1. Filter segment 117-158 for residues that are among the charged types (D, E, K, R) and assigned to a helix (DSSP H, G or I); which is farthest from residue 187 (Cα to Cα)?
2. Would you say residue 344 is farther than 21 Å from residue 30 by Cβ and either over 18 Å from the mean Cα position of the chain (by Cα) or part of a strand (DSSP E or B) (or both)?
3. Which count do you get for residues in segment 274-320 that are open to solvent by less than 30 Å² (accessible area, probe 1.4 Å), in a helix (DSSP H, G or I) and either of a type in the set (Asp, Glu) or farther than 29 Å from residue 166 by Cβ (or both)?
4. Kindly indicate whether any position in segment 208-229 is more than 30 Å from residue 298 (Cβ to Cβ), open to solvent by 20 Å² or more (accessible area, probe 1.4 Å), over 16 Å from the mean Cα position of the chain (by Cα) and among the polar types (S, T, N, Q).
5. Among (1) at pLDDT 95 or above; (2) farther than 18 Å from residue 31 by Cα; (3) surrounded by 15 or more Cβ atoms within 10 Å (Cβ to Cβ), where does residue 70 come up short?
6. One residue is enough: does segment 45-67 have a residue meeting the conditions open to solvent by 30 Å² or more (accessible area, probe 1.4 Å), aliphatic (A, V, I, L, M), modelled with pLDDT of 90 or more and not in a helix (DSSP H, G or I)?
7. Search segment 73-95 for residues being touching a helix residue (DSSP H, G or I) at 6+ places or on another chain (Cβ under 7 Å) and among the hydroxyl-bearing types (Ser, Thr, Tyr), and hand back the single one that is most open to solvent (accessible area, probe 1.4 Å).
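The values are calculated or read from the model by the stated rules, or taken from the named source; none is laboratory data. This one's a predicted model, so the numbers in the text were calculated from it and none came from an experiment. For neighbour counting, all protein chains shown are included, and Cβ atoms are generated from backbone atoms with ideal geometry for every residue, glycine included. Side chains are part of the model used for accessible areas, which takes the heavy atoms of the whole protein and leaves out ligands, DNA and RNA. Shrake-Rupley method; radii C 1.70, N 1.55, O 1.52, S 1.80 Å.
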Amino acid sequence: QMARGTDGTSSRNTKMINKTIGIVGGGQLARMLALAAKKLPDLEEVKCHTHIFCPEQKSPATLIADGRTCAAYEDIPALIEFAKKVDVITYEFENIPAASMAALNEHGFIAPPVKALEISQDRLHEKKFIKAQGIDTTEFYDIKAPDDITPALAALSGQGILKTRRFGYDGKGQWRLTQKDLAPPIDRPCILEAVIDFDKEISVIIARNTKGETAVYDPIENVHRNHILHTSTAPATLPDTLTQTAQRIATTLADALDYVGVLAVEFFVVGDNLLVNEIAPRVHNSGHLTQDACACGQFEQHIRAILGLPLGDPKLHSRAIMTNLIGDDILDAQTLTPEKNTYLHDYKKDDIRAGRKMGHITRLFPLA
């Protein structure tokens, strides 16, 4: 395991510290962060409260958080008042308006840092940043206008994946193109990426705290269906050399960003090579299995990191397979929980929709 500063020790002679964590966003990631914060007093001399900022009156996170501000993400005065009520601000998703983050940055400590958010919000900036660290990515071209597509496709041997530079996730804002296809009408900047014939997709979850200490999880192997994560398995089946390289790349990126919090780095494995696909400056769907399979899961790790606490042990104590429950899958989930070493995480969303993440199940097995 690549880990620095992961002893997790605490002193019983220290005074109890009260901290309120402000979380922008009210979905399942915010919910699981809030749950982790509630458990922290059992482990550290810190009492954590959580305050959610989101536009929904009822959301997965507001059901269990200590406080709530219900307002639009563009409501700057409400954001400033929210910032005054908390000790540290974090967020559960990337697509927060830049003006809102700038306002928050003036009135509180934000972790992960705004720099990481700005880079990850724009696929072109993200790719350029990764390459500037000497790390390989897929080949890509900047598409400013529809006329840029044809020469870029020719440079990519006639096929590529066109993606909007901003506001795309779970396959949204993406088109696979060949020179025979009519280019989709685009009204915003895009990026054209090479089509990669990869062997597998993996991700590495890394935590970095305010002291620059890091804890890196084992690589996780991911399978997608219809552009949505279906299963994650840890540890990924990889040679030790690739495991170490993936963890080293994640550490390099976290250090380059002067990162605080949990960062996810997604890779394509192509033979003996790794290509970084993208980064996510937050707790990540593929890391959900760490809740049940590791001594310290990604949500607790994130809380520790942003509060400047010692990081927990990221080591796997079990092999794990996480399955996302999409749409109606959640209706049958209760029938699976009697299985031994099976853990259901229901996000408590009322509205079941096709393609919507409603929960996940993690199954644990002995490590080989």
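1. 131
2. No; evaluated as a whole, the condition is false for this residue.
3. Qualifying residue count, segment 274-320: 3.
4. Checked segment 208-229: no residue is more than 30 Å from residue 298 (Cβ to Cβ), open to solvent by 20 Å² or more (accessible area, probe 1.4 Å), over 16 Å from the mean Cα position of the chain (by Cα) and among the polar types (S, T, N, Q).
5. With respect to (1) at pLDDT 95 or above; (2) farther than 18 Å from residue 31 by Cα; (3) surrounded by 15 or more Cβ atoms within 10 Å (Cβ to Cβ), residue 70 is out only on (2).
6. Yes, there is a match, as at least one residue in segment 45-67 is open to solvent by 30 Å² or more (accessible area, probe 1.4 Å), aliphatic (A, V, I, L, M), modelled with pLDDT of 90 or more and not in a helix (DSSP H, G or I).
7. Across segment 73-95, the extreme among qualifying residues is 73.
One line per residue, one yes/no per condition, for (1) among the charged types (D, E, K, R); (2) over 13 Å from the mean Cα position of the chain (by Cα):
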site	(1), (2)
283	no, no
288	no, no
292	yes, yes
299	no, no
302	no, no
320	no, yes
324	no, yes
328	yes, yes
331	no, yes
